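Here's the structure, in structure tokens; my notes come after.
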Amino acid sequence: MGSMAVLGRTLEGVLARTRRTFPVILVTGPRQSGKTTLLRKVFGRSHRFVSLENPSVRDRARSDPEGFLAAHPSPVLYDEIQYAPDLLHYIKTEVDERRTPGRYVLTGSQHFSLMQGVSQSLAGRAAILTLLPFSVAEADGQPGADRSAGDLLRDPAPGPTRRPAGAPRRLGDWLLRGGFPEPRVHPGMDLETWCASYVQSYLERDVRTLLRVGELETFSRFLQLCAGRTGQLLNLSDLARDTGISVPTARSWLSVLEASYTVFLLPPYHRNYSKRLVKAPKLYFVDTGLAAFLIGLREERTLLNGPTAGALFETAVVSGWRKAFLHRGDAARLSFWRTRDGEEVDLIVEWDGVTHAMEIKATSTPLPGHAVPVRRWLDRHGTRHSRGFVVANIGTPVPLLPGVRGMPWSWV
């Protein structure tokens, strides 16, 4: 944990701003993404720390919330607030009586139920931020090199703190180990053991809490099947059939994976919908390392030469763009475009009222042909401000077609 504390996070700058204006700051994200480490680093000297993962602490918070708040007055950092959601109502009362900025800092690892409580109790009072696993720049110890989505779209050339041109991070390592801080900071760690423990802990804690089911073995199979479908159109009927469950159950279980930040759904580009457009979302894992483990991949060479390499590469890039937005405190304006006739653009990024198109190719030799779908999309939907990119396994940007450039994946 000491090594993790040394590495900065892009979200630190957002926390510095929000603590001056909001009385409550809530940081959500998957377990083990570094939320507690980050917040103790930023608020450790100014705020008391109270972990609601401790069963005795949690019981006191649930049985006597007013007394609990009095025993742990602000400024305070409550870790894993979803274990005592009723505290949010009492925090609202405290905040309404005295709206001092930065009084309460909260973390949570379950999105849906927690957000429902926040929207009911702390609307307009809380800054809601998301911390995902490391970006490439954060893992390299250069959080300042994580430029905003707008900067990347305007000028994808690297800043002075980027790793040298022509020396991209090794793709296989990133896809296999992913961005979770613990296995990323400690390369000697047994990755398989860490992932197995993470999954087991996830099943025992989040799934039982959110779903209250005893069929953990069946849910585990569902989780593995979802990993094998990362980067693909979501087909709930097929997923339910292959798992041996009903479609409503599959839908419910998928919501659990979303709520615990294990997967996310990328919506189709919705402007000018027509019957010829595909309307199903695409399924992505938040972290490629966890997806690779669940698929059964253990070696870089096997991963890069296997049938899932392209899907995992796409997962890394799309997830990277989500981090480019969320770690700056912005909403992720991402979608994809596909017609029933087979035309497709992997990623549409909307920024400042302008849409940009991207193809994602796990190749070290992007060619003009890779850029043709992007160019067609720009001709049909773009404006004079729109740009197109082919994100690939390259170290420097390259021109491909007018208005379309090759972009190194690790810059995202």
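The values are calculated or read from the model by the stated rules, or taken from the named source; none is laboratory data. This is a predicted model, so every value here is computed, not measured. Here the Cβ is made from the backbone with ideal geometry for all residues, glycine too, and neighbour counts use every protein chain on show.
Values for this structure:
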quantity	calculated
Complete set of residues in the range 322-368 that are aliphatic (A, V, I, L, M), assigned to a helix (DSSP H, G or I) and either within 14 Å of Phe389 (Cβ to Cβ) or touching a helix residue (DSSP H, G or I) at 6+ places or on another chain (Cβ under 7 Å) (or both)	Ala324
Some residue of the range 80-98 being surrounded by fewer than 17 Cβ atoms within 10 Å (Cβ to Cβ), of a type in the set (Val, Ile, Thr) and outside the structural domain of Asp206 (by TED's automatic domain parsing)	yes
Unmet requirement for Leu77, which otherwise passes all of (1) free of Cβ contacts under 8 Å to residues at least 24 places away in the same chain; (2) surrounded by 16 or more Cβ atoms within 10 Å (Cβ to Cβ)	(1)
Residue match in the range 45-56 (condition: buried (at least 19 other Cβ atoms within 10 Å of the Cβ), in a helix (DSSP H, G or I) and either at pLDDT 95 or above or of a type in the set (Phe, Trp, Tyr) (or both))	no
Matching residues in the range 352-372 - criterion: being farther than 13 Å from Trp409 by Cβ and buried (at least 21 other Cβ atoms within 10 Å of the Cβ)	Thr355, His356, Ala357, Ala371
Verdict on Met407 being closer than 15 Å to Arg154 by Cβ, at pLDDT below 95 and either of a type in the set (A, V, I, L, M) or surrounded by 21 or more Cβ atoms within 10 Å (Cβ to Cβ) (or both)	yes
Any hit, the range 226-247, residues being in a strand (DSSP E or B) and either under 19 Å from the mean Cα position of the chain (by Cα) or of a type in the set (A, V, I, L, M, F, W, C) (or both)	yes
Qualifying residue in the range 268-278 (condition: outside any loop (DSSP other than H, G, I, E, B), under 30 Å from Val185 (Cα atoms) and hydrophobic (A, V, I, L, M, F, W, C))	no
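Yes/no per residue for (1) modelled with pLDDT of 95 or more; (2) in the same structural domain as Ala196 (by TED's automatic domain parsing); (3) under 28 Å from Gly342 (Cβ atoms):
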site	(1), (2), (3)
Leu265	yes, yes, yes
Tyr269	no, yes, yes
Tyr273	no, yes, yes
Ala280	no, yes, yes
Leu297	yes, yes, no
Ala309	yes, yes, yes
